[in-house]
1. So, taking all protein chains as they sit and a 1.4 Å probe, how much accessible area belongs to residue 81, in Å² rounded to tens?
2. Would you calculate the separation in nanometres between label points at residue 89 and residue 206, each defined as 7 Å from the Cα along the Cα-to-beta-carbon direction?
3. Rounded, prolate or oblate: which one fits region 71-147, using the alpha carbon gyration tensor with axes a ≥ b ≥ c (rounded when a/c is under 1.5, else prolate when a/b beats b/c, else oblate)?
4. For region 107-246, build the charge dipole from Cβ charges (+1 Lys, Arg; -1 Asp, Glu) around the Cα centre, then report which of 122, 223, 209 sits farthest towards its positive end.
5. So how far apart, in nm, are the two label points at residue 80 and residue 192 if each is 7 Å from Cα heading toward Cβ?
6. Would you rank 221, 177 by solvent-accessible area, highest first, keeping every protein chain in place and using a 1.4 Å probe?
7. Compute, for residue 211, the solvent-accessible surface of its heavy atoms (probe 1.4 Å) with the complete set of protein chains present, and express it in square angstrom to the nearest 10.
8. What distance in nm lies between label points placed 7 Å from Cα along the C-beta direction at residue 67 and residue 173?
Amino acid sequence: MQKMRKSGWDRAFNAVNALIMVLVLVVTLYPFWYVLVGSVSSIGHLVKNGFVLWPDGLHWDAYEQVFRNNLIPTAYRNTIIVTLGGTALSMVLSIMGAYALSLKKLPGRKGITMFFVFTMLFSGGLVPTYLVVSELGLIDSLWALILPGCVSTYNMVLLRNFFQSIPEDLYEAASIDGETMLGYMVKILLPLSGAAIATVTLFYAVGYWNDYFKSLIYIRDNQLWPMQTVLRQVLQTSQFNTMMYDDAAQTLAAETLKDAMIVISVLPILCVYPFVQRYFVKGVMVGSLKG
């Protein structure tokens, strides 16, 4: 089979497209690289050279000083608890809701679906939500970071569409074998939906990990702050004490500490993404195209 010969326009298009992709890659990775270099560079190197693209070695002083702050280990613990617990709860509720909405024999299925979709466009607002959380006694509790908005309608609809793409013949065959609806979901439906489940799990995990707004509203005790809230406080107020340098060096030292904080808060979720990435495109495309 002969390969199709590309015209000059095709080659020019591919070259321009590759150039654009390279530029997008550079623009995307540059902030991460800049922060990483700043976090491991020595103060003297930064004072002497200012903006640098490569560190003068690996200096972990900024990380050591960051972890001297007692809030950091506590914030990491809070973030891990909220992310793991919130993601697990959100996935259980989303899967159960999506499975129910995917059943054609569910009475009033279209109306129930529209009811959920309505919440994507309109919400009660911040003040009513705060009053509900307060009346439930969740203020100054990690539950306040998990329960409000723990189910995303978009993610649930994504799972529902994926479930609907699975042939109904499997359900009929399982029913003939005496399998219950719950057993069909656990033994057949979920194993076949690995791509969609991995994608939605990543959505929820990133959302919980990066969320700082809820803690600003519902949490008053800084011992319950998640990592992103501590990072916000550091970026705004530079709470960490720097060593005694001149004015320029003090600013650079504070910036180095901020860079280290950013790396510490972003690195765990970046390490998770490569393991889920291969499911990402498939899960989103199938879940969004099947109606």
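1. Using a 1.4 Å probe on the heavy atoms, I get roughly 80 Å².
2. 2.3
3. Details: a/c = 3.25, a/b = 1.68, b/c = 1.94.
Here region 71-147 falls in the oblate category.
4. It is 122.
5. A separation of 3.8 nm, rounded to one decimal place.
6. Working: 221 65, 177 130 Å².
In descending accessible area the options line up as 177, 221.
7. 40
8. 5.2
The values are calculated or read from the model by the stated rules, or taken from the named source; none is laboratory data. Just so it is clear, the structure is predicted and the values come from calculations on it, not from any experiment. With ideal geometry, Cβ positions are generated from the backbone for all residues, glycine too; neighbour counts draw on all protein chains shown. SASA here: full protein model, heavy atoms, side chains in, ligands and nucleic acids out. Shrake-Rupley method; radii C 1.70, N 1.55, O 1.52, S 1.80 Å.
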